[in-house]
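Laboratory data are not the source of any read-out in this text; all were calculated from the coordinates shown. Just so we're clear, the structure is a prediction, and the values are computed from it rather than from any experiment. Note that we place each Cβ from the backbone using ideal geometry, even for glycine, and neighbour counts take in every protein chain shown.
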Amino acid sequence: MNEAQIVIPTGDGRIYYDMTGTDSPCTGCGACCRHFRVSFYHGELDTQPGGHVPSDLATQITPFRACMKGTESGYDRCVALQTDGLCSIYEHRPSVCREFPVFMEDGSLNPECVRLRILHGIPAWKPVRKTAEHASQHPLGMIAESSS
Ligand code: SF4
Ligand code: SF4
């Protein structure tokens, strides 16, 4: 099985993670999308210059921050989480979602991912990690795959 996590340096010190469709190590259990308050700088909203997160799916929580509807108090599902576990605004999800990896830099599983799956009664799983770099094939960064 080829399970890959795409690592995308943002250029300002942050790292975004993307998944490779059917090769994704994320099972789409949705635990992370129905646990946290999914908050982010309001400049990411599509009502702001350069923003892209659909503002009709967000709630302004402070003068400068917004969160995905449904997650205002935490412990509830994000409005964009579909019943099939996929994100309905994947290409326009906020930065906080892009910064949540399945694998950590050292190759271990994200402990928050593991913790949330247990908390939500979802069976543990052991995704296979493969290692390769295809920086030239990805315009935004490198693809980091790994194998156990
Ligand atoms: S908790 Fe982990 S496996 Fe489940 S959707 Fe989030 S990242 Fe994917
Ligand atoms: S915007 Fe998408 S990825 Fe982010 S919490 Fe909501 S459903 Fe999950």
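The charge dipole of the range 38-102, taken about its Cα centre with unit charges on the Cβ atoms of Lys, Arg (+1), Asp and Glu (-1) only, comes to about 100 debye. If the segment from Gln60 to Thr83 were pulled out straight at 0.36 nm per residue, it would be longer than the present Cα-Cα gap by 5.8 nm.
Name the shape class, rounded, prolate or oblate, that the alpha-carbon gyration tensor gives for the range 1-94, where a ≥ b ≥ c are the square roots of its eigenvalues, rounded holds for a/c under 1.5, and otherwise prolate holds if a/b is larger than b/c and oblate otherwise. Oblate, because a/c is 1.5 or more while a/b does not exceed b/c. In this structure, the amide hydrogen of Phe36, modeled 1.01 Å from its nitrogen in the peptide plane, lies closer than 5 angstrom to those of Tyr75, counting only residues at least 5 positions away or on a different chain.
The modelled label-to-label distance for the pair Tyr90/Ser73, using points 7 Å beyond Cα in the direction of Cβ, is 3.1 nm. Set the Förster distance to 35 Å, then compute FRET efficiency between Thr10 and Ile118 from the Cβ-Cβ distance, nearest 0.05. Once rounded, the FRET efficiency stands at 0.70.
Taking amide H positions as modeled 1.01 Å from N, with prolines and chain starts lacking one, the residues under 5 Å from Gln5 and 5 or more places away or on another chain are Ala144, Ser146. Under a 5 Å amide H cut-off, with hydrogens placed 1.01 Å from N, Val53 pairs with Leu45, Asp46 among residues at least 5 apart or on other chains.
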